[in-house]
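All remarks here apply to the structure that follows.
The values are calculated or read from the model by the stated rules, or taken from the named source; none is laboratory data. Fair warning: this is a prediction, and the values are worked out from it, not measured in the lab. Note that we place each Cβ from the backbone using ideal geometry, even for glycine, and neighbour counts take in every protein chain shown. Please note that ligands, DNA and RNA were not included when accessible areas were found on the heavy atoms of the full protein model with its side chains. Shrake-Rupley method; radii C 1.70, N 1.55, O 1.52, S 1.80 Å.
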Amino acid sequence: QVQLVESGGGSVQAGGSLRLSCGASGRTFSSYAMGWFRQAPGKEREFVAGIWRNTFYADSVKGRFTISRDNAKQTVYLQMNSLKPEDTAVYYCAGRSSVLITTAPRDYDYWGQGTQVTVSS
């Protein structure tokens, strides 16, 4: 069983930056593909970025967001720069028992509780 706990959300003005962190329990963290998803009110949960040894980004965040991981600390990060009001959402960390990054929420086995990110114009 893997437990995920996000932190680092908050409120920021457009153009600002935030860094989200996701701490994981479990002995096989390094063999899990990890992802960040987000869900805005009234919208479906959408893929933002994923990482194992490689990374993959949604087009909407490419060039602005950077996902990284520290396997020794069992933590995955999401550095968000040049934030826009449309980035406002609850951000979720997710893990899957595979090394393949996928973009579908249903492919992920473990989820954090979510952290709110609000970007004002």
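Side notes on the structure shown:
- Members of region 95-105 that are open to solvent by 50 Å² or more (accessible area, probe 1.4 Å), over 15 Å from the mean Cα position of the chain (by Cα) and more than 13 Å from Ala24 (Cβ to Cβ): Val99, Leu100
- Residues being open to solvent by less than 70 Å² (accessible area, probe 1.4 Å) and part of a loop (DSSP other than H, G, I, E, B) - total across region 46-56: 1
- Of all residues making up region 1-40, the number that are touching a Lys or Arg at 6+ places or on another chain (Cβ under 7 Å) and either surrounded by fewer than 16 Cβ atoms within 10 Å (Cβ to Cβ) or part of a loop (DSSP other than H, G, I, E, B) (or both): 4
- Within region 57-73, no residue that is closer than 15 Å to Leu20 by Cα sits with its Cβ atom under 8 Å from a residue that is open to solvent by 80 Å² or more (accessible area, probe 1.4 Å) and acidic (Asp, Glu) at 6+ positions apart or across chains.
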